[in-house]
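Engineer: Got a structure for you, written out below as structure tokens; questions coming shortly.
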Amino acid sequence: MKKITFLFILIFVFIQIENSHAQFLKNAKKLVEQKSGGFTEKDAADGIKEALNNGTAKSVSFLSKPDGYFKNLEVKIPFPQDAKEIESKLRAVGMGKQVDEAVLSINRAAEDAANEAKPIFLAAIKGMTVKDAINIVKGENDAATKYLNRTTSPELNAKFQPIIKASLDKVQATKYWTDLIKAYNKIPLVKKMNPDLTGYVTQKAIDGLFVMIAKEELNIRKDPMARTSEILKKVFGK
């Protein structure tokens, strides 16, 4: 009888210990969630993905419209830096209008190609891990943008190059550029030049995308009005 009683007491004690352990885990989880702003790891992943989906969609939509690059001083693509000498000498000989037409056509090519970034961004966002999301939430104000830049730039470059080249031809940028280079190379005593226009415009177009995405990310992190869903409010509102 005593053995049975002792056994019941032992079982009771184990049950109490297990209950206490379970309660401890619940309390610990609650404390962790409070420390992280009241959201779980899944919340963080969902919030970051939604923020990036919103940011990339807005950025691509804005930049792919006419003047998306050309009339936005933050991302407008100027005459290539290594061709500044060409620009200054051509303007000096009265070819400023042709230079301006070349710059306009370069930006039109970037606007034409911007939409192609959508599926690449979506794939990168979909493939984001929970660990990536947690690090981004805890990171700097442009942590999500840096993640996207790191994971998509090579693919964006490969995708943009042929599109930019086709766009440059379509908007006659290649013709303007070729005419300008020919005119410049006819100027006495100048060093003959022909910078890689396609490579230059491709990189600048990609850079412009990430400038705009970084702005959208900062907006969501800093401005409560930009958090348009419950998950964004939960993750970025603390």
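Engineer: Residue 41 to residue 225: FRET efficiency via 1/(1 + (r/R0)^6), r the Cβ-Cβ distance, R0 25 Å, to the nearest 0.05? Kindly include the intermediate steps, with their values, before the conclusion.
Structural biologist: Working: r = 26 Å, r/R0 = 1.06.
E between residue 41 and residue 225, to the nearest 0.05, is 0.40.
Engineer: Please turn the phi angles of the range 90-96 into ³J(HN,Hα) values with the Karplus equation 6.51 cos²θ - 1.76 cosθ + 1.60 (θ = phi - 60°), one per residue in order, whole Hz, x for glycine and proline.
Structural biologist: 5, 5, 5, 9, x, 10, x
Engineer: Viscosity 1.002 mPa s, temperature 20 °C: what is the translational diffusion coefficient of the range 39-236 from Stokes-Einstein with a Kirkwood Rh over Cα pairs, rounded to a whole number of µm²/s?
Structural biologist: D = 118 µm²/s.
Computed from the coordinates by the stated procedures, all read-outs in this text should not be read as laboratory data. On a predicted model such as this, the values are computed, not experimentally measured, just so you know. Neighbour counts are summed over all protein chains in view; Cβ atoms, including those assigned to glycine, are modelled from backbone coordinates with ideal geometry.
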